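The values are calculated or read from the model by the stated rules, or taken from the named source; none is laboratory data. Since the model is a prediction, treat every value here as computed from it, not as a measurement. Every residue, glycine among them, receives a Cβ derived from its backbone with ideal geometry; neighbour counts consider all protein chains shown. The accessibility values were calculated without ligands, DNA or RNA, using every heavy atom of the protein model including side chains. Shrake-Rupley method; radii C 1.70, N 1.55, O 1.52, S 1.80 Å.
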Amino acid sequence: MNTVLEQIYATILPSAPFVIAAYALMWCALVVYVIYMTVKLKRTEAQMAVMEESLKKIDAEKNNASDRA
Amino acid sequence: MTQQMKRARESAGARCDRYAPLILGIGAILSTLGFILAFTLAAPVNGAAVDGTELIGDQMVSNQLLFSQKIFYFHMPVAITSFVAIGVAAFYGIRFLMTHRACYDMRGRVASEIALVFVIMVMCSGEMWERFEWGVWWTWEPRLTTYFILMLLVFGYFILRAAVDDPERRATYASVFSIVTFVDVPICFMITRLVPSGVHPTIFRSDSGLSPDMLIPLLLAMFGMFCIAFGVYRLRLRCAQLDVRLEALKERLDD
Amino acid sequence: MAIEIQTPSTWQQYRTLLGKDLRREFRTREMLTSMGMYALLVLVVYGAALSQTSHSFDILQMSGGLLWAVIIFTSLLGLNRSFAHEKENGCLDGLLLVPLDRSVIFLAKATSNFLFMIVVELITVPLFAFFFLSTSPADTWPLIITPLLIGTVGIAGIGTLLSTITVNTRGKDVLLAVLFIPLIFPLLYACVSATTVALVGGDVEAIYMNALLLAGGYDVVMLLLSWVLYDFVVSA
Amino acid sequence: MRSDRLSASNTQVDTQGACRYALRLKDVSKTFGNRHAVDHMDFDLPRGAFLSIFGPNGAGKTTLLRMLSTLSRPSAGSIELLGIDIKEHPDQARRHIGFISHQSMLYGDLSAEENLMIAARLYGVVHPEQRVADMLDAVELSHRRLDLARTFSRGMTQRLSIARALINDPDIVFLDEPYSGLDPHAVEVFDELIASVRADRTFVMVSHDLDKGLAACTHALVMARGRRVYFSSREDLDRDSFSDLYRRTVGMGVS
C-alpha cells in the first residue's frame, strides 16, 4: 500500500472500535429495556398467581359453606 | 362512556396489540437492512485532504475516508424517534388535560419511557462518534448539549412522577411537564446553535448534505426505528394495562 | 344590610394579590433577607474558588457565567419560598374559591418573584464587580442590564409555574431544581452569552443583539405556555 | 345579621323552581382510573337546609365537598348550585360560596383586618372597609383587628376564618370538619356564631362527630366508599335505626 492509500484509509482502523462501541451500546440499551420489561411482567404474573390462589381459597370456602347450609 | 364506545376503543387497542409483534419484526428487519447497507452501499464521507490522489474502484480519491461517520446512520434515526416519542408524550399530556382520563396519563408515561430509552441510545452513539471526531470525551457542542438537556428533562419527568402521591394530581403535573418539555427542546435546539457562544464562535458542520446512496440506508434505519419504537411502546402499554387491571382485582378481593 | 358586590376587574384582583405579597414581604422581609444572604454566601464560595488564581488569569472572561450562576441559584431559593406561605394555612384553596381567572394568581405571583429577584440582583451585581472584577470591564458594561431583565422575567415566569407544581410534592426544593434548571438552560445560555459580550466587549451588534432576541423569544413562548397551563396546575 | 336578599348585580336566578333547590346533583361521580372516590351521587338539597355528611375515612366526603365548592371538577354528572351549573359557570357559582375548613385560610403574617380586606377586594365588595368592620364586630374581634393572625388562639382563628368565609355574603356555606382541634368552649362559641349567621343560608357540613352533626342538621347523608348509603331529611329520620346504620357503615371503619 503506497503512502497515499495509507493516508486515505488512515482513519478507518482507529475509528473502528468507536463505531462498534456505538452500535453495541445502542443495542445494549434496547436489550436492557426489554429485560426490565420482562422482569416487571414476571412480577405482575407472580402477583396474578397469588390472586388466583386466594380466589380459589374463597371459592372453596363458599362451596363448603353452601354445602353445610 | 357508553358501552359500544368502550368496546370500540377496546377493539382498536386489541387490533394494535395484535399487530405490535408484527411491526416490531418489520422494524428489526428494516433497521438491520439499513445497518448492512450503511456499511456496504453508502460511500464513506470524505475527510481531510490527502497530498496525492489514488484510483480506488472507479473514482479518483484525494482525501481521507471517514469511517466513523457510519455511526450517523443509526444516530440520526434514533434521535428523531426520541423526539417523536417526546411529541407523543406531550400529545397524550394534552389529551389528559382535556379529558382527565387515566388511560391517557398511562400512555403519556409509557411514551416518555420509550423516549428515555431512545435518548440514552442517542447519547451513547453521539458520545462515541464525537469522541473519535474531536478526541475529547465532552464538549459543549450544540447537538450534544441539546440531547443532554433532553435526557435531564425526561429524568425530571420521572422524578416528578415519583414525588407526587395523589394519582390525579401526579397525572396533571406529569402532563403539564411533558408539554413544557416538548416546547422547550426545539428552543434549546435552536438557541444552542444560533447563539455563538460569546467568545469562540461555534463550528458549523453541515452533515446533512446526503447523496442518494447515503439516503437509502438512513431512511431504512429511520422507518426501522419508528417500527421498533411503536412495537416496544405497545408491548410496554399492555404491561402497564395488565398492572392496572391487577390493582383493580386486588382491590375487589380485599373487601 | 345587603352588601353590594360588583365583579372586580382583573386588574383590581391582580393589584390586590400583588399588594398582599408585597405587604407580607415588607412586614417579614423574609424572602429578601434569605435570598440576599444566600447570594452573598455564593459570592464567598466564589471568593474561595477564585482568590488562589494567579494574576495572569482574567476573571472578567467568565464573569458573565459566574453572575448568572448566582442569579439562578438564588432565584431557586426564592421560588421555593414563594409558595410556602400560600400552602401554610390552605390559603391557596382560599384563592381558588374566589371568582377570578386563575392565571391572575400566576401573574401576581410571577411579578412578586420578579421584583424580589430584581432587588437581590441590585445587591449582588455591584458586590460581584466589587469583589472580583480587578480589571475594569469594557465600556459597554451598562448593557448587561437588558439580559439581566429579560433573564429574570423568564426565570420568574417558568419558575412560578414549576414552584406551583412542586409546592405540594415531597422533597420540593430538590425537585424544583431538577425540573427548573434543564428547562431554563436555553435562556441561561443566551443570557450568559449576551452578558459576557457586554462585559468583555466583543462584537456587540451581532452576538449581543442575536442572543437578546433569542432570550426574548424564549420568554414570550414560555410565559404564554405557563399562562395557558397554569389553570390546570393550580387547581389540580 | 343579614336582613335581606343579596343584591348581587348580575346573578341570574332562573325560574322559581330551580331556585327552590340549593343543590341538585345528578349522577355525580369522581373517578380516576379504577379508583371511584365518589360514585353516582344523586340528591337534591332544598334552599336553607343544613346537610350533615357522615361516613368513614376515605368514603369520599371531602372529595364530594370539594366538588360541590368548585375546588375540584367532577369526572361525570352535573351539579347545580343555586340554579347555576357548576361546570359551565364556576365563577358565578363561586360568588355565592363560603368555605370554612379546619385550615384557617388566613395569612399568618398579615393582620386580621388586612386578611379580610384582601378577601373583600377579591370578591369585589363595593364598600370593603365598612363590610370588614361589620364582620369583625359580628365575630367580636374588632379589638384585635390590627394584630397578626399568627398571634390568634385556635378559637379566635376559627372565628376570623368564619368572618373571611362570610365576607362575600354567601348563600351556601361549606364546612369541612370545623370542630377538629377546638376545645369545648370554642365549639360552643362556634355553634352560636353559626346559628347567628344562619338566616336563610344553606349549610353543608362534613363531620366525624355524630351527635354534633345530627343536632344541627335538617338533612343527613351517610356515605361509604363513594356511594350514598342513606339520605333523608331530619323529620322522617328515626334516631335508633339511623345510629345502628351509622355504626354499621362508620363503626366498621370500612373504607
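Computed values, structure above
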| read-out | value |
| --- | --- |
| Charge dipole (the range A:3-68, unit charges on Cβ, about Cα centre) - positive-most of A:V31, A:A65, A:M51 | A:A65 |
| Cα-based convex hull volume of the protein assembly as shown per residue, rounded to whole Å³ | 219 Å³ |
| Amide H contacts under 5 Å for D:D85, placed H, 5+ residues apart | none |
| Positive-end extreme of charge dipole, the protein assembly as shown - chosen from B:F96, D:I167, D:I79 (charges on Cβ) | D:I79 |
| Estimated [θ] at 222 nm from DSSP helical runs (n ≥ 4, -39500 (n - 2.57)) normalised by residues in chain A, nearest 500 | -33000 deg cm²/dmol |
| Rg over Rh, two decimals, the range C:1-136 (C-alpha only, Kirkwood Rh) | 1.15 |
| Simple Cβ-charge dipole of the protein assembly as shown, Lys/Arg +1 and Asp/Glu -1, about Cα centre, in debye nearest 20 | 1600 debye |
| For residues of C:206-212, the mean tally of beta carbons on other chains within 10 Å | 3 |
| A:E53-D:D211 FRET efficiency (beta carbon distance; Förster radius 30 Å; 0.05 resolution) | 0.10 |
| 27 Å Cα-Cα threshold exceeded, pairs from A:K62/D:K26; D:K61/D:K87; C:K20/D:K87; C:K87/D:K212; C:K109/D:K61; C:K109/C:K172 | A:K62/D:K26; C:K20/D:K87; C:K87/D:K212; C:K109/D:K61 |
| Per-selection Rg to Rh, chain C - Cα, Kirkwood hydrodynamic radius | 1.02 |
| Inter-label distance, nm, simple model (7 Å from Cα along the C-beta direction), C:D139/C:W11 | 4.3 nm |
| Descending Cα extents along the principal axes, the range A:3-68, whole Å | 98, 10, 8 |
| The range A:1-42-the range D:41-64 distance, computed between alpha-carbon centres (Å) | 64 Å |
| Accessible surface, per residue, of the range D:20-250 when the full set of protein chains is kept, probe 1.4 Å, Å² | 37 Å² |
| Built amide H within the under 5 Å cut-off of D:V173, gap 5+ | D:G98, D:T202, D:F203, D:V204 |
| Sum of side-chain charges, B:R170 neighbourhood, beta-carbon under 11 Å (Lys, Arg +1; Asp, Glu -1) | -1 |
| Dipole in debye (nearest 20) - the range C:1-156, about Cα centre, beta carbon charges: Lys, Arg +1; Asp, Glu -1 | 280 debye |
| Virtual spin-label span in nm between D:D27 and D:A199, 7 Å along Cα→Cβ | 3.7 nm |
| Cβ charges +1 (Lys, Arg) and -1 (Asp, Glu), total dipole of the range A:3-68, debye | 220 debye |
| Under 15 Å from B:K70, Cα to Cα: aspartates and glutamates that are on another chain or at least 8 residues apart | B:E127, B:E130, B:E133, B:D207, B:D213 |
| Protection proxy ranking, peptides A:51-61, D:184-194, C:221-231, average beta carbon neighbours within 10 Å, highest first | C:221-231, D:184-194, A:51-61 |
| Value at 222 nm in deg cm²/dmol, rounded to 500, when DSSP H runs of n ≥ 4 in chain B each add -39,500 (n - 2.57) | -27500 deg cm²/dmol |
| For chain B, the longest site-free run once chymotrypsin sites (Phe, Trp or Tyr not before Pro) in DSSP loop states with at most 12 other Cβ atoms within 10 Å are removed | B:1-136 |
| Surface share of carbon and sulfur [accessible, 1.4 angstrom probe, percent] for the protein assembly as shown | 64 percent |
| Sequence-distant residues sharing a close amide H with D:A224 (under 5 Å, placed H) | D:V229 |
| Taking the convex hull of Cα positions in chain D, its mean projected area over all directions (nm²) | 14.0 nm² |
| Cα-based Rg / Dmax (Å) for the range D:27-74 | 11.3, 36 |
| Averaged over A:27-34, number of beta-carbon atoms from partner chains that fall within 10 Å | 5 |
| Longest to shortest principal axis, alpha-carbon extents of the range B:17-254, angstrom | 80, 48, 27 |
